[in-house]
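Just so it is clear, none of the values below were taken in a lab; they were calculated from the coordinates. Since the structure is predicted, the reported quantities are computational estimates derived from the model, not experimental observations. Here the Cβ positions follow ideal geometry from the backbone for every residue, glycine too, while neighbour counts run over all protein chains shown.
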Amino acid sequence: MLTPHLWLKTKKIADQTPRKVYFSVSKTVAKKATDRNLLKRRSKAIVRKHITEFKKGYIYFFSFKKGADKASFGELELEILDLLKKSRILDF
């Protein structure tokens, strides 16, 4: 699943295992480590806010694309939720 700044891969694991979420930001997205860390912190805050809506028994892997370092918090939140809705992961 793709959006302008992110892509998402999911993998089904045992049904009642806790949700696991991973983020990857390569140097091609943002050269400075502080910028890459900012993207990861923002994404973790978004996921933390919505984690109860994620289905259990999945591993979620988000990877950022070029230009993601220029996206605002609101844009990232919309894209993450859009990806999860498209992949029918959210429970609501």
> Can Thr17 be described as among the β-branched types (Val, Ile, Thr), over 18 Å from Ile80 (Cα atoms) and in contact (Cβ under 8 Å) with a residue 40 or more places away in the chain?
Replying inline: yes
> Using beta carbons and a limit of 6 Å, which pairs, at least six apart or on different chains, have the first residue in the stretch 45-63 and surrounded by 15 or more Cβ atoms within 10 Å (Cβ to Cβ) and the second one in a helix (DSSP H, G or I)?
Replying inline: Ile46/Glu77; Ile46/Ile80
> Pick from Ile89, Ile46, Ile80: which is aliphatic (A, V, I, L, M) and closer than 23 Å to Asp15 by Cβ?
Replying inline: Ile89
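Name every residue in the stretch 75-92 that is over 25 Å from Lys27 (Cβ atoms), in a helix (DSSP H, G or I) and without any contact (Cβ under 8 Å) to a residue 60 or more places away in the chain, in order of residue number. Full working, then the answer.
Step one: of the stretch 75-92, the residues over 25 Å from Lys27 (Cβ atoms) are 78, 81-82, 84-92.
Among the residues that remain, those that are also in a helix (DSSP H, G or I) are: 78, 81-82, 84-86.
Selection gives Leu78, Leu81, Lys85.
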> Taking the stretch 1-24 as the search range and keeping residues that are within 17 Å of Glu75 (Cβ to Cβ) and in contact with a Gly (Cβ under 9 Å, 6 or more places away or on another chain), which one is surrounded by the fewest Cβ atoms within 10 Å (Cβ to Cβ)?
Replying inline: Pro4
> What is the one condition in (1) part of a loop (DSSP other than H, G, I, E, B); (2) within 16 Å of Tyr22 (Cβ to Cβ) that Lys66 does not satisfy?
Replying inline: (2)
>> I'm trying to understand the selection: among the residues of the stretch 25-44, which are surrounded by 13 or more Cβ atoms within 10 Å (Cβ to Cβ) and outside any helix (DSSP H, G or I)?
In response: Val25, Val29, Ala30
